[in-house]
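Below is one structure; the comments refer to it alone.
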Amino acid sequence: MSSTEPGATALHVADLDVSYRVRGKDRQVLRGVTLEVARGESYGLVGESGCGKSTAALAIVRYLPRNGAVSAGSISVAGRDVLDLRGQKLREYRARTVSMVYQNPGAALNPSIRVGSQVAEAFTVLGVPGGDATDRARDALDRVQIADPGSVMRRYPHQLSGGMQQRALIAMALAKNPELLILDEPTTGLDATVEAEVLDLVSQLQAELHTSVLFISHNLGVISKMCSRVGVLYAGRLVEEGPVGTILRDPRHPYTVGLLRCIPRGGVRKDHGRLDTIPGFLPSLGAEITGCVFADRCALADDRCRAEEPRLDKITPVHASRCWHHDRAATLPRAEIADLELPAVDRAGAPLVELAQLSKVFKQRGHEVHALTEVSAAIWPGETLGLVGESGSGKTTLARTLLGIVPPTAGTALLEGGELPTRYQKRSREELRALQIVFQNPDSALNRRHSVRRILLRSLKKLAGVGGSVAETRMHDLVERVRLTERTLTQKPVQLSGGLKQRVAIARAFAGDPKLVVCDEPTSALDVSVQAAILNLLVELQAEKRVAYLFISHDLGVVRYISDRIAVLYLGRLQELGPADVVFEGPHHPYTEALLSAVPTVDGGGRDRIRLDGDIPSAASPPSGCVFHTRCPRKLGAVCEETEPPLVEVEAGHHMRCHIPLEELRRLQRAESQPMAPTA
Amino acid sequence: MTSVAAVSERSEARVARRERLRLLLRSPSFLIGAGVLLFWLTCALLGSRITPYDPIFDQTSDLSQRPSTEHWFGTDRLGRDVFSRVLAGSRDILLIAPAATLLATIFGTTLGLITGYFRGIADDTISRVIDAVLAIPLIVLAVTVVTSVGSRSAWAVTVVIAIVFSPIIARTVRAAVLGEAQLDYVEAARLRGERSHYVMFAEVLPNVMPPILVEATIRLGYAIFAVATLTFIGFGLQPPSPDWAVQISDNWQFLAEQWWTVLFPAIAIASLVVAVNLVSDSVQQVLER
Ligand SMILES: Nc1ncnc2c1ncn2[C@@H]1O[C@H](COP(=O)(O)OP(=O)(O)OP(=O)(O)O)[C@@H](O)[C@H]1O
Ligand code: SF4
Ligand code: SF4
Ligand SMILES: [Mg+2]
């Protein structure tokens, strides 16, 4: 690891300080970062948003924004000092030596130029003549497994899916066969199955080309799949570094320990206990810190921690932690201890909400888009029904139909046995207050011109029908319930962090004592530590008020944690519905199986990954027979193409839509996980 | 759960506001524009109290005098002091143009909110009408309206310009509302049973104010121009008002013999239009930063 031979390292960063000048003051964001990526190695940089990951990447490619500057330290790529480069040398460096792939592929491509020209451009800057460049571009797209590169090259970026755009960018990044490839959250905006494909592609190309990779992500699961070594960044400080396996098994910094504990994994469920959280907030931009950067939030902090900055100490030759008490890191006390008594769900009684044969067809320029087809399900009081499926599978449409925002084409929704008007305008106050929603993006969900106080009082007035001092009392009660402070009331959303905003949105949904709250990806815009706190809050509210949730998420760990039952949608059809453990443990529907194996988890997979080929087919012309047959790895043959299997109750409470009988699925799925067992 | 981040963000919002004001005060184009505007506003307010002669009634025996130390901008055919008339001439236009802009903004904003929020048939119909109206040259439209209203009072001019400008403002507002109505807070409001007018005016409107303000300041510049043009062709303000356009309209036939009766009012109009544009440009720049 510590080779001094020049050229043996792809990237060497030493004592790097970077600061941004904001309102006349330099604010330090990277504090003495030292790291090294060996030739052909894949190094992961992990940390919550705002900790400086992208700043590090931008410093390395010399693309810091104008107000950013390297104030100390050195960076060298392939043995060459990067910070000294100017003019032509700098252009050469960016054109030939490093490549970077950004999080948002849409923004990185020029919307008005055809994809082919943009990829070819990556070759022409290297001096490849025009005609050759086009051929090379086609080969490059082929190499990143884009089907039919010829037609893709003629399209404009917006005509490609997110996964394809990201592949095109990877093709461009690899065109120059760079010494160092930096990937900054390359899959964050993508669906789980697409993410899995892109990650596979990157590992495969890396193995083939021996490219050195700096992989940046907030997701430890992704890092553990992609990288051999990992560095944990907190407030611009590298706090722990080591081989991925070691860091996951034996983390020695309290921040890493906390981060790992926040993630719902290993099949934990809400009735097993609450998730641990990391209390407090990241220090503000450029804060002066004496002592340990994590001291404010660390349960092990003592006077020494606050006075004296710990060094990055080697625990083993390859594993280092910046903590005075790294030997005690594993004993970090839990932040939340009180366990909850969750009320048992009584499914013998009447369901709270029933969806009966709901279908929704959108008419679009002559096409009929079948967003939902005959979906039936029930939700009982106090339970959580998790809803999973790839993007475009109809999850949001189902939720919006239940809420009355889009009227169904056929079928009905019932609330406590009574038929709900199909449009929210026709619903009574009772019906409106019974069904509320928490959105994915709290920035969009809260009016930026209204104070928290105004937001909550208005909801109390409209949903609970209270005003004056009664509303005031109820508002303070709500604020306390969702763990906000009174001070928040006078603030506007911009003044709050993402987690606090989501708490306000939850308080608003609970203003009228709802019976069911739709949660549409409520934590996917949040960091894992904040996500854990929000999930805990939702579970607490459920225990207290016996509210039911319809919980939509692409994060299967989260869905499993919070759900009592799970519904799996594919192309608008319910494929599987059953108790959470049964759906996750199997035997499961082939689609569920594929979804589960696509997700990179911190625990790693014992089982071979199943890859879903291609994109989800268009809902405007769904495949005949079983709609999943075009991608199903277990497809039987003609029967799957011709006859749509019915949704049958294969065992008590477990419904599935597949021609393969349950016992056969059990045998197949067990047989496949067998060979892995001895090596695991 | 007190948030360090939140505290700093809060003071940051305040700092950002102060920063915007500072940027504005440091921009030379804003300072010049605002200075000229302030000058004409003062003249309009004080009127004949600051003019050396009465702009309407002081008809000296010195007819059609060239500019001199006595009469800086000369006198017109009736012997009135052109300098006094130029100083006093800002009053009517500074009443009519802002009033017309305000009316147009109110009307256009309402139209824009309705079309952008409801979409569907209301939007299609109103938007077609707006497009049609916008296709007609402004002056032709204004003249048609003035003629059909049949009145040539200051009121008529105000209303005419408001009518002509509101579709333009409506279009800007509609575009802003279309984006805003996609946001989840609008859906949340509907799901708690809010009526449409509450959602439009209490929820959406405050969020589309910045583009409305920018558009209104731009329209103000055009409104000044429109009032002047209408007046010049005889459909706006009427003599003996000392209005600049009235002066030009009265005297342009005698341009060759007494250029000063046309040149000085024309410079005055230009200075006002330019001043308003300078202010609106710098406000826009600061808002959109
Ligand atoms: N208003 C609409 N008009 C036309 N088609 C629509 C509309 N809303 C949704 N669809 C289509 O319905 C299908 C289901 O969409 P939906 O948004 O419910 O999926 P989703 O699973 O929630 O996806 P994501 O995870 O990306 O939010 C898609 O094919 C989508 O294109
Ligand atoms: S040095 Fe102290 S405060 Fe910092 S992480 Fe270690 S125990 Fe916590
Ligand atoms: S019915 Fe056939 S194609 Fe469909 S999921 Fe089952 S095996 Fe796969
Ligand atoms: Mg969705």
### Query
What is the percent of Cα-Cα separations in region B:116-269 that go past 20 Å?
61
### Candidates B:Ala104, B:Ala216, B:Ala189, ranked by Gaussian network fluctuation over chain B, Cα under 10 Å, top entry
B:Ala189
### Summary
For region A:260-331, the percent of all C-alpha pairs falling in each 10 Å bin, from 0 up to the bin holding the max distance, is 17, 38, 31, 14, 0
#### Entry: Convex hull of region A:457-531 built on C-alpha atoms - directionally averaged projected area, nm²
5.3
### Task
Please list the equivalent ellipsoid semi-axes of the protein assembly as shown, computed as the square roots of five times the alpha-carbon gyration tensor eigenvalues, in descending order and whole angstrom.
59, 37, 30
### Query
For region A:229-351, what does the equivalent ellipsoid look like in terms of its semi-axes, each the square root of 5 times an eigenvalue of the Cα gyration tensor, given largest first in whole Å?
33, 18, 12
### Query
If you average the sequence gap of Cα pairs under 8 Å that are 6 or more apart and divide by the length of chain B, what percent do you get for the contact order?
25
### Message
Counting only pairs 8 or more residues apart or on different chains, how many lysine pairs in region A:353-563 have their Cα atoms under 17 Å apart?
### Response
5
### Task
Please list, in chain and number order, the residues 5+ apart from A:Gly73 or on another chain whose amide H is under 5 Å from its amide H, with Hs placed from the backbone.
A:Asp17
### Task
Take the alpha-carbon centre of region B:140-206, take the same for region A:433-491, and report the distance between them in whole Å.
30
### Task
Please average, across the residues of A:437-449, the number of beta carbons from any other chain that are within 10 Å of each residue's own beta carbon, and give a whole number.
5
### Task
Provide a whole-number value for the mean count of partner chain Cβ atoms within 10 Å of the Cβ atoms in peptide B:179-189.
6
### Task
Can you run the Rg to Rh ratio on region B:2-287? Use alpha carbon positions and the Kirkwood inverse-distance Rh.
1.08
### Query
If one puts a single equal scatterer on every Cα of region A:1-110 and applies the Debye formula without solvent, what log₁₀ I(q)/I(0) results at q = 0.23 Å⁻¹?
-1.49
#### Entry: Span from the region A:73-144 Cα centroid across to the region B:19-49 one, whole angstrom
51
### Task
Calculate, for B:His197 and B:Val133, the FRET efficiency according to 1/(1 + (r/R0)^6) with r their C-beta to C-beta distance and R0 25 Å; round to the nearest 0.05.
0.50
### Task
Please state, rounded to one decimal and in Å, the Kirkwood hydrodynamic radius that region A:353-563 gives when every pair of distinct Cα atoms enters the mean of 1/r.
17.7
### Query
Expressed as a rounded percentage, what relative contact order does region B:118-239 have, with Cα pairs under 8 Å and six or more residues apart?
36
### Task
Quick one: grab Rg to one decimal and Dmax as a whole number for region A:586-673, Cα atoms only, in Å.
13.6, 40
### Message
Taking only complete DSSP H runs, can you tell me which helices of chain B stretch 15 Å or more along their own long axis by Cα positions and average at least 1.0 on the Kyte-Doolittle scale?
### Response
B:28-46, B:90-118, B:138-149, B:154-181, B:209-232, B:260-287
### Summary
Checked region A:177-234 against the a/c 1.5 cut and the a/b vs b/c comparison, axes a ≥ b ≥ c from its Cα gyration tensor; verdict oblate
### Message
Please give the Cα centre distance for region B:259-278 versus region A:146-168, rounded to the nearest Å.
### Response
57
### Query
Where in region A:457-473 does the label zone of A:Glu480 land, with the point 7 angstrom along Cα→C-beta and an amide N cut-off under 15 Å?
A:470-473
### 12 Å beta-carbon shell around A:His272, net charge (K/R +1, D/E -1)
+2
#### Entry: Mean separation of Cα contacts under 8 Å, 6 or more apart, over the residue count of chain A: relative contact order %
12
### Summary
Treating only Lys and Arg (+1) and Asp and Glu (-1) as charged, each at its beta carbon, one finds that chain A has a dipole about its Cα centre, in Debye to the nearest 20, of 2320
### Task
Set the Förster distance to 30 Å, then compute FRET efficiency between B:Val274 and B:Val15 from the Cβ-Cβ distance, nearest 0.05.
0.40
### Exposed-site-free run, longest, chain A (rule: GluC sites (Glu not before Pro); DSSP loop; at most 16 other C-beta within 10 Å)
A:1-287
### Task
List the residues whose amide H sits under 5 Å from the amide H of A:Gly52, counting only those 5 or more places along or on another chain, with H placed 1.01 Å from N in the peptide plane.
none
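Values in this text are rule-based calculations from the coordinates and carry no lab data. Computed from a predicted model, the values in this text were never measured in an experiment. Positions of Cβ are generated from backbone atoms using ideal geometry, with glycine treated the same way; all protein chains shown enter the neighbour counts.
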